[in-house]
Amino acid sequence: MSVVASAPGKVVLSGEYAVLDGAPSICMAVNRRAIATVGDSPDGRCRVATPGREFNNGEKFHIVEAVCGSRPELTIELDTVAFAEDGTKLGIGSSAALTTALVAALRGDVYADALSAHRRLQDGSGSGVDVATSVHGGLIEYRMQGASVETLEWPENLAIRFIWTGVSASTKARLKHLTTSKGGSSHSSLVAEAANMADAWKSGDAARILAAYVPYIGALRQFSVDHDLGIFDAGHEELTDAASRAGLVYKPAGAGGGDIGTLLGPDDGELDTFIAANPDLIHKVLDCELDNVGVILEQP
């Protein structure tokens with residue numbers, strides 16, 4: 001008999017990079033789910049398959065080995081089709097969601113084991129915020145110390161859209177580059193602004209949240225320049241400026257330099273008007289929304 005588990009992807013709303021220095025990160029689960037199916041092997045060999053083209057053979061075996069420590073005598077299917085468009089990964093946490101789903105399909109202590117496995121997969125880099133979001137679902141505040149999670153409610157009068165740049169980016173590569181760059185005073189500024197953003201999100205006040213993004217984005221921009229990270233590349237810079245002129249908020253989500261960004265404002269109508277008015281800046285609006293359901297066993 002097969003066991004099927006699924007876990008949602010994630011979008012980082014604030015605290016990217018700063019979370020590595022103890023700052024809180026606000027992250028939301030989105031309803032694009034990774035699915036892991038585990039069953040007996042007919043011949044005692046490890047058989048791993050994945051539909052779609054998001055993962056190559058090496059990547060999928062790396063996930064299995066990170067979770068299992070070796071290639072188990074199982075048939076495993078790893079499905080992250082929902083995490084890609086036209087065969088290109090979107091950057092919404094596919095490896096974390098898939099790791100979480102596979103751990104859930106194999107054993108019980110999902111959160112601790114998924115954090116450990118994904119850390120191995122990333123060679124020790126990363127904060128764990130993506131795994132925490134995949135496990136818990138919904139909107140969360142995450143702190144790296146103790147891998148603590150606080151569940152939040154989505155604020156009233158706050159609308160969001162997810163904009164895909166059409167360019168895949170490597171979080172792992174940017175984190176590696178960060179460890180070798182000297183940077184500047186923007187490091188401490190970003191940590192402070194991430195704390196302010198978390199307080200704003202926890203207040204539930206949409207106007208306060210939108211206002212807090214102005215200095216936060218300023219700190220993130222300077223941080224990107226100081227560390228030569230290119231966070232606002234791949235069209236993020238232009239969209240950030242255009243949204244600001246329209247009285248809205250746009251920022252890269254997570255490591256930046258491609259993947260996706262978030263557009264926020266007080267209501268859906270304003271966001272849709274902005275999107276319609278800027279077709280040259282927007283590659284694609286993703287069809288996804290908040291997913292309040294974390295990792296689950298689809299079939300016991």
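Every number in this text was worked out from the coordinates using simple rules, so none of it is lab data. The structure displayed is predicted, hence computed values, not measured ones. Reconstructed Cβ throughout: ideal geometry from the backbone, glycine too, with neighbour counts over all protein chains shown.
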Only counting other Cβ atoms within 10 Å, I'd like Lys10, Lys251 sorted with the fewest neighbours first.
Lys251, Lys10
Proxy exposure order for Glu156, Glu141, Glu73 (fewest C-beta within 10 Å first) is Glu156, Glu73, Glu141
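Which of the DSSP-defined H helices in the chain satisfy a minimum axial length of 30 Å, computed from C-alpha atoms, and a minimum mean Kyte-Doolittle hydropathy of 0.5? Before the final figure, lay out the partial values.
On the way: long enough: 206-227 (31 Å, 0.55).
Both cut-offs are met by 206-227.
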With the contact rule set at Cα under 8 Å and sequence spacing of 6 or more, what percent relative contact order holds for the chain?
26 percent
Under a Cβ-only charge scheme (Lys and Arg +1, Asp and Glu -1), can you give me the dipole magnitude of segment 159-285 about the Cα centre, in debye to the nearest 20?
480 debye
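Could you put Leu229, Leu98 in order, starting from the residue whose Cβ has the fewest other Cβ atoms within 10 Å?
So the residues, fewest neighbours to most, are Leu229, Leu98.
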Helix-derived mean residue ellipticity, 222 nm - over the chain, DSSP H n ≥ 4, -39500 (n - 2.57), to 500
-12000 deg cm²/dmol
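Rg to Rh ratio, segment 159-285, alpha-carbon atoms and Kirkwood radius?
Details: Rg = 14.5 Å, Rh = 15.0 Å.
With Rh from the inverse mean 1/r over Cα pairs, Rg/Rh is 0.97.
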Here, the chain modelled as identical Cα point scatterers in vacuum has Debye log10 I(q)/I(0) at q = 0.08 Å⁻¹ of -0.33
